[in-house]
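As structure tokens, the structure follows; a few thoughts come after it.
The values are calculated or read from the model by the stated rules, or taken from the named source; none is laboratory data. Model, not experiment: these values are computed from the prediction. Cβ sites come from the backbone with ideal geometry, for glycine too, and all protein chains shown count toward neighbours. Just the protein is used for accessible areas: all its heavy atoms, side chains included, with ligands, DNA and RNA removed. Shrake-Rupley method; radii C 1.70, N 1.55, O 1.52, S 1.80 Å.
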Amino acid sequence: MGVLDSREPQGPLANKWTNHKNEIDLVNPANKRNIDIIIVGTGLAGGSAAATLAELGYNVKTFCYQDSPRRAHSIAAQGGVNAAKNYQGDGDSVYRLFYDTVKGGDYRSRESNVYRLAEVSTNIIDQCVAQGVPFAREYGGLLDNRSFGGVLVSRTFYAKGQTGQQLLLGAYAAMNRQIQRGKIKSYTRHEMLDLVLVDGKARGIIARDLVSGEIERHSAHAVVLATGGYGNLFFLSTYCMGANVMAAWKAHKKGAFFANPCFTQIHPTCIPVSGDHQSKLTLMSESLRNDGRIWVPKRLEDAQAIREGKLKPTQLGEEERDYYLERRYPAFGNLVPRDVASRAAKERCDAGFGVNKTGEAVYLDFSAAIMRYGREKALTSGMKDVDDNTIRELGEKIVEAKYGNLFQMYEKIVDENPYKTPMMIYPAVHYTMGGLWVDYNLQTTIPGCYAAGEANFSDHGANRLGASALMQGLADGYFVLPYTIGDYLSDDIRTGPIPTDSPEFDAAEKNVTDRLQKLMSGTGIHSVDYYHKKLGKIMWNKCGMSRNAKELKEAIKEIAELRKDFWENVKIPGRPDSKNQELEKAGRVADFLELGELFAKDALERNESCGGHFREEYQTPEGEALRDDENFKFVSAWEYMGEPNDAKLHKEDLVYENIKVKTRSYK
Amino acid sequence: MSGLIKSSIARKVVMALSGLFLVIFLVLHVTINFASVIAPEFFNEASHFMGYNPLVQYLMQPILIIGVIVHFVMGFVLEIQNRNARGVGYVKYKGSANAPWVSRNMIYSGLVILAFLGLHFYDFWIHEMTYKYIQANPEDPTRYYAETVEKFAPFWRTIIYIVSFVLLSLHLWHGFSSSFQSMGVNNKYTPAIKTFTKLFAVVVPLAFAFIALYHHLNPITH
Amino acid sequence: MKLYLKIWRQKNASTKGQMVDYTLNGVESDMSFLEMLDILNEELISKGEEPVEFDHDCREGICGTCSLMINGRPHGPDSMITVCQLHMRSFNDGDEIVIEPWRAKAFPVIKDLIVDRTAFDRIQQAGGYISVNTSGRPVDANAIPIEKDMADKSFNAATCIGCGACVAACKNASAMLFTSAKVSQFALLPQGQVEAAERVENMVRQMDLEGFGNCTNTGACEIECPKGISLENIARMNREYLFASVKG
Ligand SMILES: Cc1cc2nc3c(=O)[nH]c(=O)nc-3n(C[C@H](O)[C@H](O)[C@H](O)COP(=O)(O)OP(=O)(O)OC[C@H]3O[C@@H](n4cnc5c(N)ncnc54)[C@H](O)[C@@H]3O)c2cc1C
Ligand code: HEM
Ligand code: SF4
Ligand code: FES
């Protein structure tokens, strides 16, 4: 095991979590009052953890860079949250959810963690309903479900296209209750700039008040990082503009191992890029693949004519269209996992079948679903001899009820009516499976520093299934961390408050102010965004949907050069001791410029294709990913050694005792 | 309970209740006034009853006066608070894009009505008080019709009355249905309430205006 | 296209601000409004000037961070969207665009176009939750069937993104639409009934303390709300409040 002790409990898989909870140390309620916990991040993971820990009696401080905890990017999740409730009676079970998740992750996740996730998933739904989260319901008053990619059951709970919003508001409400009780102190518009270690333990953070520019010290007995994913490394992504890796990266530099940085999810259904001015990409929820069919023209000439605006997609007949997912993967069709769907789209577009000006878009077509729903509606409402137009109208209403907000979003951005003409979509960076390495207790390799939600690497292996991130965030925050953190904190009941005037805090603060000064002293002419866009281009072209050794090596070199240029030249107007959005951005991009290099290095070292990591050198003759279980069935955990490129690799071997490792097939 | 007096919602409800009370009063008022056009004798009788019945004089009249005062004082309070709530004003503010003029200018329509009420008080109430208590004239149940018609002889007064009724119409156009919303009524009857409001806001002030104009155009010839 | 921008610039909460004119070339109709501002900022930075600060994060109309008064209307001329979803195709070459922050006493300006909306958080802290323990073991989710219609109504109220456009639009800077959406969301569900009276009283009290204006039912909020939150919610809150106060 070496330095990486995953602390997986012994015993049969199904009992591990229960046994573990029985065995770990607890802190008695009176003592909890003497213990402080810092939680950075107020998304689903951080918000739910904060609420629960405060409710248990700990003194909690939360931090987020937005102006309100409720605005964390979890708010943007659209499609839904999984849980093995088996309300539909379609054969779902904890085991099946566990199995689907491990398989979907292409056998690169830790069995015991995933099983626990599946196990507590059902509690999430109970909890959220009790809290008043308005999930979609059927006419009978019971909860409704939909299905997501990579699975054969309907286990996704949803609230129209705003599931993340509703879940986050639930967690935020639970936080509010504790804020009102004085158990949570919420620091908004605050950014964590460094982690403070005292005697090798995480004991606090240095934060910047983004309004006044003041640097603050906050101490605690443990620090939880729930700061989300790092997909903004690519500049263009479905993340919010402020998403960053700062907190995780600072922890990494202080000793927390960074796991699988190259495991990134590129989501197949996003609105395509329209031009250089583009600042972000918008997701069209995967739930659309329940009803939308993906296609490109069969003939190259047709694709060309469409690109030139001479032909309309609606003019092409069925036999002139290539429903390539249905063709290649008859069993799962349009509902193959994301990595597979994304690569297939890229393959078609690279082959010249793309359908927008840039040649990087495919169609997502609802006309069949509209007619199907319309006919059903006409039948159930006893209408006879209805013409196609009426059927279409009826069907459009039903599609609107299901996806109205997504269609509206699309129409506002693209200026085309998706009820009448197929949507255009293209893959975009959406989620990062990689993150801080954590053990079964969600503790990083720094004692007292925990990571939850997207910020850790724990459950999704090399590819995440749809609707599983919300599940994981809430599982970590509501049901896992509150237990496991007690195991560590039970040693701290007599420690007393951690002082912030120690040499460790002095040093950390100096480090932070020096760095801000250095950022402000750039002498060039280019803005932060200029560098960020450049980095994004390198990442997308060389570390994106498909990768090869040559380009990865180039990427490593180019990123290092760009980083040097950035530190010498980036231009930041204003002052560090006041509100300064450019400075905020600069700090984030500076970290991306380091992480990007590690990312490429990780991708280069992993000589196999698995999940979202596709190495061109390792593929089957049909172009499917070729995994190498013999040599790469491990988690790469990187230890910081100075420059990103010097990072040292530690391997956590993955052992599958309850699942047969197979080649993933969705055919 | 204390919230009921201090909170913004309570102030709204006071506004709505006093407004509705005035609306009911208007109905009564317009009915009696209309009699002056079609049945002067009845008008005289009704006016006399109103002027000398102790219940009306010592209970209803004070309530009405208090109602008016509560309504406009609360109107001023709300207006002042609302202006303060903005702080720095907008350089460009397009109120017309999202709210009807009448709803945004209740204070102005209200102020015109208030000014009118001043004149109206002077014309009729002060006159009555002087007649009854200062000059201590004897009861005369037949004088009202003639006095009323005479009031509308001057062109300027008639015009002021008519303009005020237009403003009253605007005030009611928003105010009547709005008071239901303030009291928490917004349901399947709301469209009906809104339609009725519009009808009411046109018909009642129109009737008032008609009466004024009618008397102006049909003076009593001696 | 070429645009003439008039933008509110203010260093911080304690200094006075003023409108500043900028001319911007090369704007394309495919750009979002915020991308247009990004370009302006790039220009300003390259000239060594401080960029215009404005709040934004998700840029897809859901986080509720973006908040600009554009030509006198919150979130600009289009309806049912936030500023970040507004595209330049809603404007024409040569247009003058006036950009201001939300204006309300309860939303003080922090810098340029950024305002402090923590008043909204405090209103929710005052009671915008159901008091169940997150670490407890609640009953099975399907043990509480909820009429679809009610669940949908509650959901509709719950889609409020807390952007504050209702306050910005209202001539009285009233926060009734926001607060009522939050009250309604719970009032419509069986889970929310137990604390309904207390909740509405506490939230309204906090709303008043923050210094928002009084509602005069102009309906501007409903028109400008990017999520279509209905005035019915305000009526519901008034009703709930009256019942709660009468009950004592
Ligand atoms: C458009 C979109 C749609 C999605 N749809 C789905 C879906 O349908 N189903 C699903 O399961 N998953 C979905 N996901 C994924 C899922 O939403 C995220 O993985 C998940 O919400 C992450 O939650 P989190 O709590 O880990 O982090 P976040 O919600 O991202 O929160 C991060 C928090 O950290 C704070 N923070 C970050 N850095 C700092 C710092 N340095 N200092 C202080 N605070 C900091 C932020 O302020 C924020 O509060 C979607 C993701 C996107 C982008
Ligand atoms: C016959 C006279 C009047 C009638 C019938 C009347 C009626 C009403 C009604 C029904 C409302 C709606 C209340 C609500 O929205 O809840 C209202 C509002 C209002 N009234 Fe009057 N009113 C009269 C006179 C006045 C006067 C003299 C003023 C003095 C300034 C005034 C000022 C206002 C204001 C400012 C409002 C808006 C307040 C709000 O909507 O909350 N009104 N009125
Ligand atoms: S009610 Fe509408 S306008 Fe007001 S904060 Fe909520 S979403 Fe924004
Ligand atoms: S930036 Fe999130 S709603 Fe506009």
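What are the residues whose amide H is under 5 Å from the amide H of C:His87, where those residues sit 5 or more places off or on another chain and H is modelled from the backbone?
Hits under the 5 Å cutoff: C:Phe33.
With the contact rule set at Cα under 8 Å and sequence spacing of 6 or more, what percent relative contact order holds for segment A:503-626? Don't skip to the answer; put the middle values down first.
On the way: 147 pairs, mean separation 39.1, N = 124.
Answer for segment A:503-626 is 32 percent.
As an exercise, take the mean of 1/r over every pair of distinct alpha carbons in the protein assembly as shown, invert it, and state the Kirkwood radius in angstroms.
Roughly 32.1 Å, rounded to one decimal.
In segment C:105-195, what is the volume of the convex hull around the alpha carbon atoms, normalised per residue and reported in Å³? The partial results should precede the final answer.
Working: hull volume 11.0 nm³, N = 91.
It comes to 121 Å³ per residue, whole-number rounded.
Heavy atoms only, 1.4 Å probe, whole protein assembly: order A:Arg372, A:Arg177, C:Arg205, A:Arg155 by accessible area, highest first. Spell out each step's value before the answer.
Details: A:Arg372 110, A:Arg177 40, C:Arg205 135, A:Arg155 5 Å².
My answer, sorted largest first, is C:Arg205, A:Arg372, A:Arg177, A:Arg155.
Does any residue of segment A:160-183 lose at least 20 Å² of accessible area with all protein chains in place compared with its chain alone, and if so which ones (probe 1.4 Å)?
A:Lys160, A:Gln162, A:Gln165, A:Gln166, A:Leu169, A:Tyr172, A:Ala173, A:Asn176, A:Arg177, A:Ile179, A:Gln180
On average, how much area does the Cα convex hull of segment B:137-203 cover when viewed from any direction, in nm²? Don't jump to the answer; show the numbers that get you there.
Details: hull surface 28.8 nm².
Quarter of the Cα hull surface area: 7.2 nm².
Rounded to the nearest 100 Å², what is the buried accessible area between A and C, both sides summed, probe 1.4 Å? Please report the intermediate quantities before stating the final value.
Working: alone 25410 and 12840 Å², together 31930 Å².
The contact between C and A buries close to 6300 Å².
Only sites in a loop by DSSP and with at most 15 other Cβ atoms within 10 Å count here; which GluC sites (Glu not before Pro) in segment A:564-654 make the cut? Kindly include the intermediate steps, with their values, before the conclusion.
Working: sites: A:Glu568, A:Glu582, A:Glu584, A:Glu594, A:Glu597, A:Glu605, A:Glu608, A:Glu616, A:Glu617, A:Glu622, A:Glu624, A:Glu630, A:Glu639, A:Glu652; in loops: A:Glu608, A:Glu616, A:Glu617, A:Glu622, A:Glu624.
Here the GluC sites (Glu not before Pro) that fit, given the DSSP loop and packing criteria, are A:Glu616, A:Glu617, A:Glu622.
With a ≥ b ≥ c taken as the square roots of the eigenvalues of the C-alpha gyration tensor of segment A:478-545, please select rounded if a/c is under 1.5 and otherwise prolate if a/b is larger than b/c or oblate if it is not? Intermediate values should be presented prior to the final figure.
On the way: a/c = 5.22, a/b = 1.57, b/c = 3.32.
It is oblate, given that a/c is not under 1.5 and a/b is not larger than b/c.
So what's the Cα pair-distance distribution over segment A:33-127, bin width 5 Å, in %?
3, 12, 16, 16, 17, 17, 12, 6, 2, 0
Within chain C, what whole-number % of the accessible surface is contributed by carbon and sulfur, with the 1.4 Å probe and all protein chains included in the calculation?
Values: 3870 of 7970 Å².
Result for chain C: 49 percent of the exposed heavy-atom area is carbon or sulfur.
Roughly how compact is segment A:268-429, stated as its Cα Rg over 2.2 N^0.38 Å to two decimals?
Working: Rg = 15.8 Å, N = 162, 2.2 N^0.38 = 15.2 Å.
This ratio for segment A:268-429 stands at 1.04.
Once all Cα-Cα distances of chain A are split into 20 Å bins that start at 0, what whole-number percent is in each one?
Distribution as computed: 19, 54, 25, 2, 0 percent.
Pop out the ³J(HN,Hα) list for segment C:147-158 in order, Karplus 6.51 cos²θ - 1.76 cosθ + 1.60 with θ = phi - 60°, rounded to Hz; leave Gly and Pro as x.
Working through the residues one at a time gives 3, 4, 4, 5, 4, 5, 5, 4, 4, 4, 5, 6 Hz.
More than 34 angstrom separation, counting every C-alpha pair in chain C; what % is that? All intermediate terms of the calculation are to be shown ahead of the outcome.
On the way: 7646 of 30628 pairs.
Result for the distance tail: 25 percent.
What list of ³J(HN,Hα) values in whole Hz, one per residue of segment A:230-241 in order, does the Karplus curve 6.51 cos²θ - 1.76 cosθ + 1.60 (θ = phi - 60°) give from phi, with Gly and Pro shown as x?
Calculated HN-Hα couplings, in order: 10, x, 5, 3, 8, 6, 8, 6, 8, 6, 6, 4 Hz.
Which shape class, rounded, prolate or oblate, goes with segment A:494-649 when its Cα gyration tensor gives a ≥ b ≥ c as root eigenvalues, a/c under 1.5 marks rounded, and past that a/b bigger than b/c marks prolate? Working shown, then result.
Details: a/c = 3.02, a/b = 1.56, b/c = 1.94.
Oblate, because a/c is 1.5 or more while a/b does not exceed b/c.
Taking the Cα centre of each part, how many Å lie between segment A:264-313 and segment A:450-527?
Spelled out, the Cα-based centre of one part sits 37 Å from the other.
Based solely on C-alpha atoms, express the radius of gyration and the Dmax of segment B:1-79 in angstrom.
When restricted to Cα atoms, segment B:1-79 yields Rg and Dmax of 16.2, 50 Å.
Let me check something: with ligands and nucleic acids excluded, how do A:Lys648, A:Lys61 order by accessible area (1.4 Å probe), largest to smallest? If you can, show how the numbers build up before the last one.
Values: A:Lys648 95, A:Lys61 55 Å².
Result of the area sort, largest leading: A:Lys648, A:Lys61.
Just read off the accessible area of C:Asp38 with the full protein assembly in place, 1.4 Å probe, to the nearest 10 Å².
Roll a 1.4 Å probe over it and C:Asp38 shows about 40 Å².
Per-residue ellipticity at 222 nm for chain C, helices alone: DSSP H runs ≥ 4 residues times -39500 (n - 2.57), over residue total, nearest 500 deg cm²/dmol?
Working: 8 runs with 85 residues, N = 248.
About -10500 deg cm²/dmol.
Give me, ordered by chain and number, the residues 5 or more places off A:Val196 or on other chains with an amide H under 5 Å from its own placed amide H.
A:Arg203, A:Gly204, A:Ile205, A:Ile206
Give the angle, between 0 and 90 degrees and rounded to the nearest 10, that separates the Cα long axis of helix B:61-86 from the longest principal axis of the Cα atoms of chain B.
Around 30 degrees separate the two axes.
Please report the accessible area of B:Leu117 (heavy atoms, 1.4 Å probe, ligands and nucleic acids excluded) in Å², nearest 10.
50 Å²
Let me make sure I get this right: for chain B, a, b and c are the square roots of the gyration tensor eigenvalues over alpha carbons, sorted descending. Under 1.5 in a/c it's rounded, otherwise prolate if a/b > b/c, else oblate. Which is it? Let's see the in-between values first.
Working: a/c = 2.01, a/b = 1.71, b/c = 1.17.
Cα axes put chain B in the prolate bin.
Are there GluC sites (Glu not before Pro) in segment A:402-494 that DSSP puts in a loop and that have at most 16 other Cβ atoms within 10 Å, and which ones? Spell out each step's value before the answer.
Working: sites: A:Glu411, A:Glu416, A:Glu454; in loops: A:Glu416.
Within segment A:402-494, the qualifying GluC sites (Glu not before Pro) (loop, at most 16 other Cβ atoms within 10 Å) are A:Glu416.
Determine the distance separating the Cα centre of segment A:1-77 from the Cα centre of segment A:82-159; give it in Å without decimals.
Cα centroid of segment A:1-77 versus Cα centroid of segment A:82-159: 21 Å apart.
As a test question: what accessible area, to the nearest 10 Å², does A:Thr188 have when a 1.4 Å probe is rolled over all protein chains in place?
Approximately 30 Å² for this residue.
Sorted by accessible area with a 1.4 angstrom probe, largest first, how do B:Phe165, B:Phe34 fall?
Numbers: B:Phe165 15, B:Phe34 75 Å².
Per-residue accessible area, sorted high to low, gives B:Phe34, B:Phe165.
What do you get for Rg/Rh of segment A:317-365 when both radii come from the Cα atoms and Rh is the Kirkwood radius?
Working: Rg = 10.8 Å, Rh = 11.3 Å.
Dividing the radius of gyration by the Kirkwood radius yields 0.96.
B plus C alone minus the pair: what accessible area, both sides summed, probe 1.4 Å, in Å² to 100? Kindly include the intermediate steps, with their values, before the conclusion.
Numbers: alone 13780 and 12840 Å², together 23110 Å².
In total, this chain pair buries about 3500 Å².
Over segment A:93-165, what relative contact order in percent results from Cα pairs under 8 Å that are six or more residues apart?
Numbers: 56 pairs, mean separation 15.9, N = 73.
The normalised contact order for segment A:93-165 reaches 22 percent.
Using alpha carbon centroids, what distance separates segment C:178-248 and segment C:45-120, in Å?
26 Å
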